[in-house]
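K.L.:
Structure in structure tokens, see below.
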């Protein structure tokens with residue numbers, strides 16, 4: 001297909017592969033920690049940062065990362081204060097981010113710029129943005145691989161991990177920052193309203209057919225790659241939003257797999 005020889009589509013595929021690898025790796029830990037909604041909270045925090053950046057003439061990607069990281073740290077702080085109701089932290093930050101985004105979006109003169117972060121513009125990625133995404137993806141991937149044992153213990157039993165010598169608070173803070181950066185960067189490509197789905201849906205699909213933690217990680221990455229590449233192929237033929245198409249493919253796959261769930 002000639003369209004895949006075009007530079008913008010090749011850049012989109014590379015970005016899709018990067019995002020599809022790192023988001024499920026983060027998503028596995030998030031899902032196991034019962035924090036699936038954190039992607040929504042941080043993506044909206046990123047939108048708030050974008051709105052602020054566009055209003056004051058700053059680089060919206062930078063302000064999105066900054067605001068997402070700050071929001072992530074706030075979530076982690078509140079979560080430690082409500083140990084039995086940790087979901088409160090996500091809801092509070094989500095509400096705050098939505099309020100900030102709603103207020104500042106009204107002052108943006110070019111609404112198209114803001115909308116590009118809502119639904120993503122993966123086929124409009126520049127070479128500079130591609131380099132940034134690839135570099136961050138490599139850094140995030142190496143960090144997650146390096147901390148894989150600690151994240152595994154924390155995901156299943158934070159108290160037990162702490163008793164065994166794992167620096168739980170430090171690891172949680174670092175992981176939360178990583179999640180915030182990935183969400184902010186991915187919002188530019190697949191969209192802030194889509195990125196949380198890409199963190200959770202591939203993991204959910206993998207959980208239906210996997211038999212172990214390791215299998216779940218591998219399959220979730222495979223599913224994410226399938227969703228994103230299939231979404232790009234479909235949108236190359238039809239005038240559809242790539243981010244939304246990717247999510248709908250994921251949901252369709254999840255529905256198909258539901259009857260085949262492995263017995264616990």
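The values are calculated or read from the model by the stated rules, or taken from the named source; none is laboratory data. Note that the structure is predicted; figures quoted are calculated from it, not measured. Note that each Cβ is placed from the backbone with ideal geometry, even for glycine, and that neighbours are counted across all protein chains shown.
K.L.:
May I ask you to say which residue of 231, 244, 250, 160 is in contact with a helix residue (DSSP H, G or I) (Cβ under 9 Å, 6 or more places away or on another chain) and within 23 Å of residue 75 (Cβ to Cβ)?
P.N.:
On the way: 231 fails: within 23 Å of residue 75 (Cβ to Cβ); 244 fails: within 23 Å of residue 75 (Cβ to Cβ); 250 fails: within 23 Å of residue 75 (Cβ to Cβ).
Selected residue: 160, the only one of 231, 244, 250, 160 that is in contact with a helix residue (DSSP H, G or I) (Cβ under 9 Å, 6 or more places away or on another chain) and within 23 Å of residue 75 (Cβ to Cβ).
K.L.:
Consider the range 79-123. How many of its residues are modelled with pLDDT of 80 or more and on the phi > 0 side of the Ramachandran plot?
P.N.:
Total satisfying the criteria: 0.
K.L.:
Give 221, 209, 190 a once-over and let me know the one that is in contact (Cβ under 8 Å) with a residue 40 or more places away in the chain, in contact with a helix residue (DSSP H, G or I) (Cβ under 9 Å, 6 or more places away or on another chain) and closer than 30 Å to residue 52 by Cβ.
P.N.:
On the way: 221 fails: closer than 30 Å to residue 52 by Cβ; 209 fails: closer than 30 Å to residue 52 by Cβ.
Every option except 190 fails the conditions.
K.L.:
Considering each of 256, 177, 185 in turn, give the residue that is out of contact with any strand residue (DSSP E or B) (no Cβ under 8 Å at 6 or more places or on another chain) and free of Cβ contacts under 8 Å to residues at least 24 places away in the same chain.
P.N.:
Numbers: 177 fails: free of Cβ contacts under 8 Å to residues at least 24 places away in the same chain; 185 fails: free of Cβ contacts under 8 Å to residues at least 24 places away in the same chain.
One residue alone meets the criteria, 256.
K.L.:
Go through the range 220-264 and give me each residue that's over 23 Å from residue 125 (Cα atoms) and in a loop (DSSP other than H, G, I, E, B).
P.N.:
Of everything in the range 220-264, those that are over 23 Å from residue 125 (Cα atoms) and in a loop (DSSP other than H, G, I, E, B) turn out to be 261, 262, 263, 264.
K.L.:
Same structure, new question: Mind listing whichever residues of the range 239-252 are more than 14 Å from residue 195 (Cβ to Cβ) and either modelled with pLDDT under 90 or surrounded by 19 or more Cβ atoms within 10 Å (Cβ to Cβ) (or both)? Break it down into steps so the answer makes sense when it comes.
P.N.:
Step one: filter the range 239-252 for residues more than 14 Å from residue 195 (Cβ to Cβ), giving 239-240, 245, 248-249, 251-252.
The answer is 239, 240, 245, 249.
K.L.:
Here are 91, 48, 72: which of them is in a helix (DSSP H, G or I) and under 25 Å from residue 241 (Cα atoms)? Explain how you work it out, then say what you get.
P.N.:
Working: 91 fails: under 25 Å from residue 241 (Cα atoms); 72 fails: under 25 Å from residue 241 (Cα atoms).
That would be 48, the only listed residue that is in a helix (DSSP H, G or I) and under 25 Å from residue 241 (Cα atoms).
K.L.:
Confirm whether residue 178 is under 13 Å from the mean Cα position of the chain (by Cα) and either over 18 Å from residue 20 (Cβ atoms) or at pLDDT 80 or above (or both).
P.N.:
Values: under 13 Å from the mean Cα position of the chain (by Cα): yes; either over 18 Å from residue 20 (Cβ atoms) or at pLDDT 80 or above (or both): yes.
Spelling it out, residue 178 is indeed under 13 Å from the mean Cα position of the chain (by Cα) and either over 18 Å from residue 20 (Cβ atoms) or at pLDDT 80 or above (or both).
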